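The values are calculated or read from the model by the stated rules, or taken from the named source; none is laboratory data. Computed from a prediction, not measured in an experiment: that's the story for all the values here. Please note: Cβ atoms are built from the backbone with ideal geometry, for glycine as well, and neighbour counts cover all protein chains shown. Note: accessible area is taken over every heavy atom of the protein model, side chains too, but ligands, DNA and RNA are not part of it. Shrake-Rupley method; radii C 1.70, N 1.55, O 1.52, S 1.80 Å.
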Amino acid sequence: MDFTYPANVCFECNGCALCCGDTDHKLRHILLLESEAEEISAATGRPIENFCNESNGTQPYIYEMKKFEGDCVFLKDHKCTIYEMRPLICRFYPFELKFDKDKNTHVFAATEECPMIGQGKPLAKKDFEALYTLANERLP
Ligand code: SF4
């Protein structure tokens, strides 16, 4: 596994759902892989076009989650109603994984937007290995 990650970073989700909707400073784009949209559709019985729009120029993510009043359509009372099958982007937040061509390696970075960065338990390499493995399993 060839990646770098932020050392000594602390994080523990408090379920604030900030990442599930737009904020005053950020228009949220909840992107989905085709396989993820199909899984959600199969589990909820809702056709993909009922909760997603097609997304261009964001491959391999070909769908974008619809929002209601700025929040993901699956957010109800601050709770994700499809938590077990939430998209990769949701599982990664507040981290993202990018490929650094110069260093020829993948790099995990954290967004300072999340109020829980710096809170809770320090994350270990195994936490990022789990995300890295998931990305490798899902991304084409
Ligand atoms: S799928 Fe769930 S975790 Fe992801 S944005 Fe929607 S409500 Fe939030």
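For the range 1-39, the set of residues classified as of a type in the set (Ser, Thr, Tyr) and either crowded, with 18+ Cβ neighbours inside 10 Å or under 13 Å from Phe51 (Cα atoms) (or both) consists of Tyr5 only.
Determine if the range 86-96 includes at least one residue that is more than 14 Å from Phe11 (Cβ to Cβ), open to solvent by 70 Å² or more (accessible area, probe 1.4 Å) and out of contact with any Cys (no Cβ under 6 Å at 6 or more places or on another chain). Checking the range 86-96: not a single residue is more than 14 Å from Phe11 (Cβ to Cβ), open to solvent by 70 Å² or more (accessible area, probe 1.4 Å) and out of contact with any Cys (no Cβ under 6 Å at 6 or more places or on another chain). Are any of the residues in the range 112-125 within 13 Å of the ligand (Cβ to nearest atom), within 18 Å of Arg28 (Cβ to Cβ), open to solvent by 50 Å² or more (accessible area, probe 1.4 Å) and in a loop (DSSP other than H, G, I, E, B)? There is no residue in the range 112-125 that is within 13 Å of the ligand (Cβ to nearest atom), within 18 Å of Arg28 (Cβ to Cβ), open to solvent by 50 Å² or more (accessible area, probe 1.4 Å) and in a loop (DSSP other than H, G, I, E, B). The residue of the range 46-69 that is surrounded by the most Cβ atoms within 10 Å (Cβ to Cβ), among those that are free of Cβ contacts under 8 Å to residues at least 24 places away in the same chain and over 17 Å from Leu27 (Cβ atoms), is Phe51.
Only helices (runs of 4 or more DSSP H) whose full extent lies in the range 1-102 are considered here, and the ones with at least 2 residues that are closer than 22 Å to Glu113 by Cβ are 88-92. Kindly indicate whether Phe3 is more than 17 Å from Thr111 (Cα to Cα), within 11 Å of the ligand (Cβ to nearest atom) and either of a type in the set (Ser, Thr, Tyr) or over 15 Å from the mean Cα position of the chain (by Cα) (or both). Here the answer is no, as Phe3 does not meet what is asked.
Of all the numbered requirements in (1) within 9 Å of the ligand (Cβ to nearest atom); (2) open to solvent by 40 Å² or more (accessible area, probe 1.4 Å); (3) touching a residue at least 24 places away in the same chain (Cβ under 8 Å), Cys72 misses one, and that requirement is (2). Among the residues of the range 84-129, the ones that are basic (Lys, Arg) and under 24 Å from Tyr63 (Cβ atoms) come to 3 in all.
Whenever a residue of the range 25-39 is more than 7 Å from Glu64 (Cα to Cα) and touching a residue at least 40 places away in the same chain (Cβ under 8 Å), its partners that are among the aliphatic types (A, V, I, L, M) and surrounded by 13 or more Cβ atoms within 10 Å (Cβ to Cβ), lying with C-beta atoms within less than 7 angstrom and at least six residues away or across chains, give the pairs Leu33/Leu88; Glu36/Leu88; Glu39/Met85.
I'm trying to understand the selection: among the residues of the range 1-24, which are in contact (Cβ under 8 Å) with a residue 12 or more places away in the chain and among the charged types (D, E, K, R)?
Within the range 1-24, Asp2, Glu12, Asp22 qualify.
Taken together, the residues in the range 40-61 that are farther than 23 Å from Thr23 by Cα and touching a helix residue (DSSP H, G or I) at 6+ places or on another chain (Cβ under 7 Å) amount to 5.
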